[in-house]
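Here the structure is laid out as structure tokens; the discussion comes afterwards.
The values are calculated or read from the model by the stated rules, or taken from the named source; none is laboratory data. Please read all numbers here as calculations on a predicted model, not as lab measurements. Note: ideal-geometry Cβ built from the backbone for every residue, glycine included; neighbour counts use all protein chains shown.
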Amino acid sequence: MSADRHITASGGGPGLDRGEATDVVELHAAVLRERPEPIEGREPLNLWLVVFIGVLVFWAGSYLTHFSGGFRADEFSETQINPVPPPVEGGGGAEDPVAKQAKAGAIVFTTYCQPCHQADGNGLPNQFPPLAGSEWVLAEGPNRIARIVLNGLAGPVKVKGADYNNQMNAFKDSLDDGQIADVLTYIRNSWGNKASAVTATEVAAIRKETAAKADAYAAAELEAVPVKGGGAAAGASASMTPAQIKEALLKLPAAEIKALVESLPK
Ligand code: HEC
């Protein structure tokens, strides 16, 4: 009787009490809805969690690639972040003094020298000798070229293997020491030329030594002038002892001693 009740389809049937309509499926619906008891150990991960972990690992990897600092121990030390700036040549980022002088000299050159020696420093064949690559211009010191600009140059002269026999005028009266220093620095550092800068002090000393000379120099005359060092101090070098310097000074003609004393800073 009671067994009947459990297998009987809905709608009641024989053996059922009045109002007793029971459906097996309906009766077990609540039980069938439940999932099986979870078993620990083998469950696959939620797909979204797998994707999320994948993205996280990828992001972490690329983060380390960019910001690990090569895993250096000093990566975050103060000196690593703010390294001592390398010393800047020519005084803390200021314009290179030679470049500055050459810039000023370029203006002098355009006005006073370019008509003959040309903008490219190559001069004109048989008339005006080149300054580019000239052994006169590139001499170790400015002794000879400063004299050429101050007093001019006349007669035969050899420049870069070519002969010239012309005349260059004097600039003693039209250019001051600073302008001559600038233009000489410019021609010594242009068109591929590379030589030391010339200072106004050097030009002033040479102007004093040559004050008595009125006419233009001849090339042969200049070849007798030492390439480097100021006239009066020409014999003195850093390797001399004070006694040797004294001896050299005593041998100088009176006029040169006077020029030397006058050229000393006041
Ligand atoms: C009127 C034309 C003329 C002008 C301007 C002139 N020069 Fe010259 N320069 C010459 C001639 C010509 C010679 C060669 C002289 C000779 O033949 O004896 C010469 C020679 C020289 C030399 C030696 C030779 C060489 O080529 O290296 C130098 C350096 C020089 N000049 C620099 C200058 C500078 C710097 C200026 C401007 C301040 C200047 N000259 C302006 C005509 C000129």
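May I ask you to verify whether ASN165 is near the ligand (Cβ under 8 Å from one of its atoms), polar (S, T, N, Q) and assigned by TED's automatic domain parsing to the domain that holds GLY123? Here the answer is yes, as ASN165 does meet what is asked. Only residues that are assigned to a loop (DSSP other than H, G, I, E, B) and in contact with a Gly (Cβ under 7 Å, 6 or more places away or on another chain) were counted across region 149-191, and they come to 5.
I'm trying to understand the selection: among the residues of region 144-162, which are more than 9 Å from the ligand (Cβ to nearest atom) and closer than 16 Å to VAL183 by Cβ? Correct list: ALA146, ARG147, LEU150, ASN151.
The set of residues in region 245-259 being closer than 18 Å to ALA205 by Cα, surrounded by fewer than 15 Cβ atoms within 10 Å (Cβ to Cβ) and either free of Cβ contacts under 8 Å to residues at least 24 places away in the same chain or in the same structural domain as ALA205 (by TED's automatic domain parsing) (or both) consists of PRO253, ALA254, LYS258.
Taking region 108-159 as the range and being in contact (Cβ under 8 Å) with a residue 24 or more places away in the chain and exposed (fewer than 14 other Cβ atoms within 10 Å of the Cβ) as the test, the residues that pass are ASP120, PRO125, ASN126, GLN127, GLU135, GLU140, PRO156, LYS158. When every residue of region 113-131 is checked against the conditions, at least one turns out to be closer than 25 Å to ASP96 by Cα and in a helix (DSSP H, G or I).
Do we find a residue being crowded, with 16+ Cβ neighbours inside 10 Å, under 18 Å from PRO226 (Cα atoms) and in contact (Cβ under 8 Å) with a residue 40 or more places away in the chain anywhere in region 160-174? No, region 160-174 has no match at all.
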